[in-house]
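The values are calculated or read from the model by the stated rules, or taken from the named source; none is laboratory data. What you see is a predicted model, and the numbers here were worked out from it, not measured in a lab. A quick note on method: Cβ atoms are made from the backbone with ideal geometry, for glycine too, and the neighbour counts reach across all protein chains shown. Heavy atoms of the whole protein, side chains included, go into the accessibility calculation; ligands, DNA and RNA do not. Shrake-Rupley method; radii C 1.70, N 1.55, O 1.52, S 1.80 Å.
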2 protein chains.
Amino acid sequence: LANIHLLTPAGFRAFGVAAGIKASGAVDVGLLVADDLATAAAMFTSNKVFAAPVEIGRQNVASGRLRGVVVNAGNANACTGPLGLRNAQRMCQAAAGAICCEAAQFLPASTGIIGHQLPMDRLLTGIVAAARDLGTSNDHATAFADCILTTDTRRKTAGTQLKIGRTVAHIGGVCKGGGMIGPRLSLPGRKKAAPHATMLAFLTTDVQIAPPLLRRLLNDAAQDSFNAVTIDAHMSTNDTLLILASGRSGMRITPGRSAASFAKALAEVCQSLARQMVADGEGATKVVRIEVRGAASDRDARAIARAIADSLLVKCAMNGNDPNWGRIISAAGMCDAAFDPARAALQLQGVTVYAKGVPCDFDAGALSQQMKVPQVDVLLTCGLGRAAATVWTCDLSDQYVHINADYHT
Amino acid sequence: LANIHLLTPAGFRAFGVAAGIKASGAVDVGLLVADDLATAAAMFTSNKVFAAPVEIGRQNVASGRLRGVVVNAGNANACTGPLGLRNAQRMCQAAAGAICCEAAQFLPASTGIIGHQLPMDRLLTGIVAAARDLGTSNDHATAFADCILTTDTRRKTAGTQLKIGRTVAHIGGVCKGGGMIGPRLSLPGRKKAAPHATMLAFLTTDVQIAPPLLRRLLNDAAQDSFNAVTIDAHMSTNDTLLILASGRSGMRITPGRSAASFAKALAEVCQSLARQMVADGEGATKVVRIEVRGAASDRDARAIARAIADSLLVKCAMNGNDPNWGRIISAAGMCDAAFDPARAALQLQGVTVYAKGVPCDFDAGALSQQMKVPQVDVLLTCGLGRAAATVWTCDLSDQYVHINADYHT
């Protein structure tokens, strides 16, 4: 399935160009366009400080139908006031003008520095250039995947197929992460989802599905993927997750068995993208998978996993391959969740290091060697109930500090 | 008042010795002893994972009377099970034996690595040695101040005097910080105080005061000092704040005017110590003072100040002298508090960088130069109400990562 990409689902075209917004000169403006009006669902940051494109995006996706997304990297268009709002609308107008649809049928998305007005001349020129060369090849998908990157060191793509009877449909996706990654995506008009980028993620599928069901399934998929990862716990002003469904496969998804199949495939793509985000977190040298079991409630399980995932001390220990389990247990105890150290047990890379209030004998040197891997597994069993949660984080390296101390306004 | 120290208040003796618990060979075991039974109040970590000395300390301070405190650094005696509890009691027995009182009249305190049993032979030898050389000089106070340090790079002491009529009394204190500093000290048996080391702080005074009033005034003083600082937001298993009152000045503190005078002096000492902790945070190059005004409630003001103080991105920007106000505003918006970016205004070092939803013109290069100082001031006005809070944090440097990635179990 490695060759399934953003433009494998039938009915979509995309491209990305270098418009001179990123100082590096890399591709920074892109379009993803459906051939016809597509079913659309989106989730956005729950930060009370949200960017202009998020405000316009919430409005435009409310109808459940979109023609596409227009994106830029290098400037977040956040904290930019009324002019910022007009500029986000102008992005949509330019994209819509280029493909002959209405501006409200586009969702705008931006990522980059906060508090600067978009360079509209360059941006609009870029939108027109991207629209001229839209296509369906892997190279077109790649250009779009690249134009949303900021401090990411690599492109993030995923895709899968699902089969119901003889009908085959696809889901493709791209995302960007880097820093300011602690998403708490929520559906417009709903309460906050779970606790915690600019993360941007765009998904395509060729199934037929009604907007309310697509919204619900997207929300479900986000909880155990984008809303279950953290790099630095700082929720961005611009986080956006969008899915467009063209219906071109002829596969109809309705509540019941077909929805379950689609949900499973969607979860797979979202989880792959979310993990790629963590693995490429700013300065990250490894991924840390934190699984909490036996918590008193789902909320508690997630709170404990997040407290561990967001602890600077735990993240530094992971960077140093240090089986410093005391930092993990103490992080579990400091959050607002039921926790009893006398009932808890902790495994690092499958080695039990702590159980029921006392340390276990283990070879710290050998375990440290076992931690020199791309992914470290932490398993905390609470002994209080049946609730479980898994959160993905990365280590904290001196490179994270360099990247973020030297990124100047 | 710079010469007022821990042993300036009449009625106390102290000392610290090197017992071989710290690998460095520095002083690591100490005693602070009142000549007679003193009025005592203490606050402890609100982490659900708390060390053996915290458990024994809560029990022993419940009477409101203590003879003293016995401390060690280099080992936290946390997550050490029943043996850890017995060892904390043996610390008290050894100290009590040396000065001929009851074991329950001592409060034990430990700081260092979690999950290792105390080296009791060395510790007990150290306690006897410290007891033998107790004294009241500045050198004795210094030895005690030094024996509680861990990753601290310098000693932390403070002191003041208060005068009511012709009577003069004193308050002295010492503390340690370093890392795992995000205290949320609470009185035993009470609910959690505010949100968010091992921090240890020991205060002495020679006023006469009843235990309930001393507890209340200590709790008040802690909220705007120790509970208003953060280095890494990781609440320790061992945080302990203790005050002992000998009554030897003859000054009686009762509810009313004398309590107000004492409260003011106590706040001064606690705030000095707490700020010294932040200034000497692991890897810190500067202090950041975050003041939030105009919030909808006290709780909101504190939540917003803390979200800013604990943001890795804000802390990295401070390290790089980067007036990256977008990170500050977005941190304010991500916490669970009322916040409206259109009503907010932000000052960095007295320069308004953002007001009412839009960036302000300012000279980023000049402001960056103004940030190359020991203390950076952030002032966020919310425009929503009258509540205010101030939180003190430090920047995040690559040194923090090195210290905590290389501190091996």
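Which count do you get for residues in the range A:90-127 that are among the β-branched types (Val, Ile, Thr), in a helix (DSSP H, G or I) and more than 17 Å from A:ALA26 (Cα to Cα)?
At the first step, the residues of the range A:90-127 found to be among the β-branched types (Val, Ile, Thr) are A:99, A:111, A:113-114, A:125, A:127.
Filter once more, keeping what is in a helix (DSSP H, G or I): A:99, A:125, A:127.
Among the residues that remain, those that are also more than 17 Å from A:ALA26 (Cα to Cα) are: A:99.
The qualifying residues number 1.
Got a number for residues in the range B:386-405 being assigned to a loop (DSSP other than H, G, I, E, B) and either surrounded by fewer than 19 Cβ atoms within 10 Å (Cβ to Cβ) or touching a strand residue (DSSP E or B) at 6+ places or on another chain (Cβ under 9 Å) (or both)? If you could, list the steps in order and put the result at the bottom.
Going through the range B:386-405, the residues assigned to a loop (DSSP other than H, G, I, E, B) turn out to be B:386, B:395-397.
From what's left, either surrounded by fewer than 19 Cβ atoms within 10 Å (Cβ to Cβ) or touching a strand residue (DSSP E or B) at 6+ places or on another chain (Cβ under 9 Å) (or both): B:386, B:395.
So the answer is 2.
Among the residues that make up the range A:153-162, is at least one of them part of a helix (DSSP H, G or I) and among the hydrophobic types (A, V, I, L, M, F, W, C)?
No.
Pairs needed: first member in the range B:352-376, more than 20 Å from B:SER330 (Cα to Cα); second member anywhere, at pLDDT 95 or above and open to solvent by 60 Å² or more (accessible area, probe 1.4 Å); C-beta distance under 7 Å; at least 6 residues apart or different chains.
Cβ pairs passing all conditions: B:GLN375/B:ARG289.
Mind checking whether some residue in the range A:360-377 is facing chain B (nearest Cβ under 10 Å), of a type in the set (A, V, I, L, M) and either under 25 Å from A:ARG299 (Cβ atoms) or open to solvent by 10 Å² or more (accessible area, probe 1.4 Å) (or both)?
yes
Among (1) small (Gly, Ala, Ser); (2) within 11 Å of another protein chain (Cβ to nearest Cβ); (3) in a strand (DSSP E or B), which single condition is B:ALA332 missing?
Tallying (1) small (Gly, Ala, Ser); (2) within 11 Å of another protein chain (Cβ to nearest Cβ); (3) in a strand (DSSP E or B), B:ALA332 fails exactly one: (3).
Quickly run through the range A:266-284 and pick out the residues that are part of a helix (DSSP H, G or I) and either open to solvent by less than 10 Å² (accessible area, probe 1.4 Å) or of a type in the set (Val, Ile, Thr) (or both). Let's see the steps before the verdict.
Initially, the range A:266-284 is screened for residues part of a helix (DSSP H, G or I), giving A:266-279.
A:LEU266, A:VAL269, A:CYS270, A:LEU273, A:ALA274, A:MET277, A:VAL278 - these are the residues of the range A:266-284 that are part of a helix (DSSP H, G or I) and either open to solvent by less than 10 Å² (accessible area, probe 1.4 Å) or of a type in the set (Val, Ile, Thr) (or both).
Could you please find all residues in the range B:290-307 being assigned to a helix (DSSP H, G or I) and either surrounded by fewer than 24 Cβ atoms within 10 Å (Cβ to Cβ) or at the interface with chain A (Cβ under 7 Å from one of its Cβ atoms) (or both)? Quick ask: steps written out before the conclusion?
The first filter runs over the range B:290-307 and keeps only residues assigned to a helix (DSSP H, G or I), leaving B:298-307.
Within the range B:290-307, B:ASP298, B:ARG299, B:ASP300, B:ALA303 qualify.
Hey, can you tell me all the residues within the range A:74-89 that are within 17 Å of A:GLY30 (Cα to Cα), open to solvent by less than 30 Å² (accessible area, probe 1.4 Å) and not in a strand (DSSP E or B)?
A:ALA76, A:ASN77, A:ASN87, A:ALA88
Of everything in the range A:309-325, what is at the interface with chain B (Cβ under 7 Å from one of its Cβ atoms), part of a helix (DSSP H, G or I) and touching a strand residue (DSSP E or B) at 6+ places or on another chain (Cβ under 7 Å)? Give them in sequence order.
Within the range A:309-325, A:TRP325 is the sole residue that qualifies.
So which residues in the range A:53-73 are within 14 Å of another protein chain (Cβ to nearest Cβ) and open to solvent by 10 Å² or more (accessible area, probe 1.4 Å)? Explain how you work it out, then say what you get.
The first filter runs over the range A:53-73 and keeps only residues within 14 Å of another protein chain (Cβ to nearest Cβ), leaving A:54-55.
The one that is within 14 Å of another protein chain (Cβ to nearest Cβ) and open to solvent by 10 Å² or more (accessible area, probe 1.4 Å): A:GLU55.
Taking the condition within 25 Å of the chain's Cα centre (by Cα) and more than 14 Å from chain B (Cβ to nearest Cβ), does A:ALA388 pass?
Working: within 25 Å of the chain's Cα centre (by Cα): yes; more than 14 Å from chain B (Cβ to nearest Cβ): yes.
For A:ALA388, the condition - within 25 Å of the chain's Cα centre (by Cα) and more than 14 Å from chain B (Cβ to nearest Cβ) - is met.
Given the criteria buried (at least 24 other Cβ atoms within 10 Å of the Cβ), within 14 Å of another protein chain (Cβ to nearest Cβ), in contact with a Pro (Cβ under 6 Å, 6 or more places away or on another chain) and not polar (S, T, N, Q), does B:ASP239 qualify?
Working: buried (at least 24 other Cβ atoms within 10 Å of the Cβ): yes; within 14 Å of another protein chain (Cβ to nearest Cβ): yes; in contact with a Pro (Cβ under 6 Å, 6 or more places away or on another chain): yes; not polar (S, T, N, Q): yes.
Yes; evaluated as a whole, the condition is true for this residue.
Quick one: in the range A:219-232, which of the residues that are of a type outside the set (Asp, Glu) and surrounded by fewer than 24 Cβ atoms within 10 Å (Cβ to Cβ) is nearest to the other protein chains (Cβ to nearest Cβ)?
Quick first cut of the range A:219-232, residues of a type outside the set (Asp, Glu) only: A:219, A:221-223, A:225-231.
Those still in the list that are surrounded by fewer than 24 Cβ atoms within 10 Å (Cβ to Cβ) too: A:219, A:223.
Values: A:ASN219: 20, A:GLN223: 18 Å.
Of everything passing the filter in the range A:219-232, A:GLN223 is nearest to the other protein chains (Cβ to nearest Cβ).
Could you list all residues from the range A:253-265 that are outside any helix (DSSP H, G or I) and over 15 Å from A:HIS170 (Cβ atoms)? If you could, list the steps in order and put the result at the bottom.
Of the range A:253-265, the ones outside any helix (DSSP H, G or I) are A:253-256.
Those that are outside any helix (DSSP H, G or I) and over 15 Å from A:HIS170 (Cβ atoms): A:THR254, A:PRO255, A:GLY256.
Which of the residues belonging to the range A:172-218 are under 25 Å from B:SER311 (Cα atoms), surrounded by fewer than 22 Cβ atoms within 10 Å (Cβ to Cβ) and at pLDDT 95 or above?
none
Taking the range A:338-354, which residues are of a type in the set (A, V, I, L, M, F, W, C) and open to solvent by 10 Å² or more (accessible area, probe 1.4 Å)?
Of all residues in the range A:338-354, those of a type in the set (A, V, I, L, M, F, W, C) come to A:338-339, A:342, A:344-346, A:348, A:351, A:353.
A:ALA338, A:PHE339, A:ALA342, A:ALA345, A:VAL351, listed by residue number.
Let me spell it out: the conditions are (1) modelled with pLDDT of 95 or more; (2) closer than 17 Å to A:GLY135 by Cα, and A:THR39 meets all of them except one. Which number is the exception?
(2)
Filter the range A:30-51 for residues that are under 19 Å from the mean Cα position of the chain (by Cα) and either away from chain B (no Cβ under 14 Å) or part of a helix (DSSP H, G or I) (or both) and give the result.
Within the range A:30-51, the first condition is being under 19 Å from the mean Cα position of the chain (by Cα), and the residues that meet it are A:30-32, A:40-51.
Residues satisfying the conditions are A:GLY30, A:LEU31, A:LEU32, A:ALA40, A:ALA41, A:ALA42, A:MET43.
Being surrounded by 23 or more Cβ atoms within 10 Å (Cβ to Cβ) and modelled with pLDDT of 95 or more is the filter; apply it to the range B:112-139 and report the residue that is nearest to B:ASP406 (Cα to Cα).
Only one residue tops the list, namely B:LEU118.
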